[in-house]
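Below is one structure, written out as structure tokens, with a few remarks after it.
Bear in mind these aren't lab numbers, they're just calculated from the coordinates by the rules spelled out. Source: prediction; values computed, not measured. Don't worry about glycine lacking a Cβ; one is built from the backbone with ideal geometry, like all the others, and counts go over all protein chains shown.
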């Protein structure tokens, strides 16, 4: 059974359509991400699932029950807010105990559950602290424990890592994934960070301008996007016209080989001139322009690139046509 | 800053604080005076006699207790109503919010005596006998704007997602208000009660129009000053000062900023 099922759910604000009719199913134990640029409808979707907003049309089913009109406190989902929204007047322990107390849980059970939740996020020693005495990463974990303690059908996470600095973000990303695997609860993550969505999710949905573009595994979406929008949103992309002239093919930059040799048997290629080299540490990004004035982008490790590569170099870009992918919905 | 500059600054500050506190110091000092005659205006000699029975003057004590009860009741009523107004202005999508806020601040600029006369007019027109009730009504009325504006400022720094988080964690809206909003607003409520209390406790002009036969402390003092100035007045005022200072210290004690 689906933990969360949205059926033709839509939301307008005045004349602005925040969400076009959206149908989406999220299964038990899944790590699911809603990915898109700001204003794409991902946060609206999350607020609709949490119950902070009501759709104009459609139904929202949680664990098979129609809860479209239920208030937030009657929904079996818990939200981790972007700013964490920890209660400043309560200790870490009391923050985590807030949900169980709302449900009038018996004292012994409550103590056990709160203790367990703090163990899961590895914070039991900070139980007596107030939220303002914690670092950003610790606050984040308290917010997560406060949601997990209720054993919800799903934990909803609204850009949970956006407020952290990059190093901490990477650590918390791994930790989030480990915790989700440990507790086995469905996680629904809202993010605009494609790396985050690609590395964390079992499946993800790409939203754009209130419309669902595509749902699938990270690999499917990265390698076989349906549209140019998804292709470019999930990573840098070369969009080449089909040899027939109708439509476009996606060629990811890491699939391009650069060198003096022309394309061999079964390969395709373009002659191009290097316009820019961007050193990125492990890899180098090479920006080129083909003879027919088409911009190209290639990414490869320094070891694989020709030694004498510099701006102005003339060379061949080769690729295996099996590594390119035809787009159903090319750019207009 | 140059040495001269900081010296001037220190001197200036000392002068300002000196002027602020000189009358208070005189009041405290004269509560220990042993006056000759009925007017405690000239220093004659030190005594603890006035402090031995601080509540010796029955009429003065009665007026003091009346003012105390009135100020407390008026402050609580004003903060209750003003708090609800502030909540509505901060939360609800009210049409013409700006206008309503302006209307809230406008009474502060109205001369008190004009309000007092208007209130007397109203009470006479309603055939309401002047006494404790009319005093309470008029005092909570002039405190209302202060309470609402103080609490509105407090609510402006309040993160509304905290209430959403409480609801998300299973608390219905009223329970979310009781468990999250109210405790976080408590310092603001306390400050507003303190402010309204001192406004009401001090009030002479409005009381003089709406008190009827009831005698508040300022009314009693104004009358008494024409006959005598007894050191008991300074003793009682010093007591009030001590209690106010203690309450203020309590309100301003270093605490974690709950809005962060």
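The three principal axes of the Cα atoms in the range A:117-238 give end-to-end lengths of 52, 30, 24 Å, sorted in falling order.
If you model chain B as an ellipsoid using its alpha carbon gyration tensor, with each semi-axis the square root of five times an eigenvalue, the axes come out at 38, 27, 18 Å, biggest first. With a/c under 1.5 counting as rounded, go ahead and sort the range B:212-255 into rounded, prolate or oblate using the C-alpha gyration tensor (a ≥ b ≥ c being the square roots of the eigenvalues; past the cut-off, prolate if a/b is larger than b/c, else oblate). Judged from the Cα gyration tensor, the range B:212-255 comes out oblate (a/c at least 1.5, b/c at or above a/b). With the largest listed first and rounded to whole Å, the semi-axes of the equivalent ellipsoid of the range A:239-326 from the Cα gyration tensor are 21, 13, 13.
Spherically averaged projected area of the convex hull of Cα atoms, the range B:1-63: 6.7 nm². The ranking of B:145, A:91 from fewest to most other beta carbons within 10 Å of each one's beta carbon is A:91, B:145.
Helix A:136-148 versus the longest principal axis of chain A: what is the Cα-based angle in degrees, 0 to 90, to the nearest 10? Around 60 degrees separate the two axes. Treating each Cα of the protein assembly as shown as an identical point scatterer and summing with the Debye formula, the log10 of I(q)/I(0) at q = 0.09, 0.11 Å⁻¹ comes to -0.90, -1.09. Taking chain A as a Gaussian network of alpha-carbon nodes connected by springs under 10 Å, the highest mean-square fluctuation of the residues A:291, A:122, A:130 belongs to A:291. The slack in the chain from residue A:202 to residue A:290, taken as 0.36 nm per residue of separation less the alpha-carbon distance, amounts to 27.9 nm.
As a footprinting exposure proxy, order B:202, B:159 by other Cβ within 10 Å, with the fewest listed first. Mind dumping the intermediate values first?
Working: B:202 13, B:159 16.
With the fewest neighbours first, B:202, B:159 line up as B:202, B:159.
When N counts the residues of the range B:165-260, how does its alpha-carbon radius of gyration compare numerically with 2.2 N^0.38 Å, as a ratio? Show your work: numbers first, answer last.
Numbers: Rg = 20.4 Å, N = 96, 2.2 N^0.38 = 12.5 Å.
Working it through for the range B:165-260, the quotient is 1.63.
Between the range A:125-160 and the range B:20-45, the alpha-carbon centres lie 61 Å apart.
Largest mean-square fluctuation among A:12, A:194, A:59, in a Gaussian network model of chain A whose springs join Cα atoms under 10 Å apart, belongs to A:12.
Look at where the Cα atoms of the range A:10-66 and of the range B:47-75 average out, and the two centres are 64 Å apart. For the range B:27-100, the convex hull drawn through the C-alpha positions has a volume of 164 cubic angstrom per residue.
Compute for chain A: radius of gyration divided by Kirkwood radius, i.e. Rg/Rh, restricted to C-alpha atoms, rounded to two decimals. Don't skip to the end; give the middle numbers.
Working: Rg = 23.7 Å, Rh = 22.3 Å.
My calculation puts Rg/Rh at 1.07.
Pick from B:15, B:128, B:185: which is most flexible by mean-square fluctuation in a GNM of chain B where alpha carbon atoms under 10 Å apart are linked? In the Gaussian network model the winner is B:15.
Spatial offset of the range B:165-181 relative to the range B:189-250 amounts to 40 Å, using the alpha carbon center of each.
By how many degrees, 0 to 90 and rounded to 10, does the Cα axis of helix B:58-91 deviate from the longest principal axis of chain B? Around 20 degrees separate the two axes.
So what's the back-of-envelope 222 nm ellipticity for chain B, counting only DSSP H runs of four-plus at -39500 (n - 2.57) apiece and dividing by all residues, rounded to 500? Walk me through the intermediate numbers first.
Working: 12 runs with 183 residues, N = 260.
Helix-only estimate at 222 nm: -23000 deg cm²/dmol.
Cβ-to-Cβ counts within 10 Å put A:13, A:84 in ascending order as A:13, A:84, the fewest first. For chain A, the longest principal axis of the Cα atoms and the long axis of helix A:92-102 meet at an angle of about 70 degrees. Each label point was placed 7 Å from the Cα along the Cα-to-Cβ direction; for residue A:301 and residue B:21 their separation is 7.4 nm.
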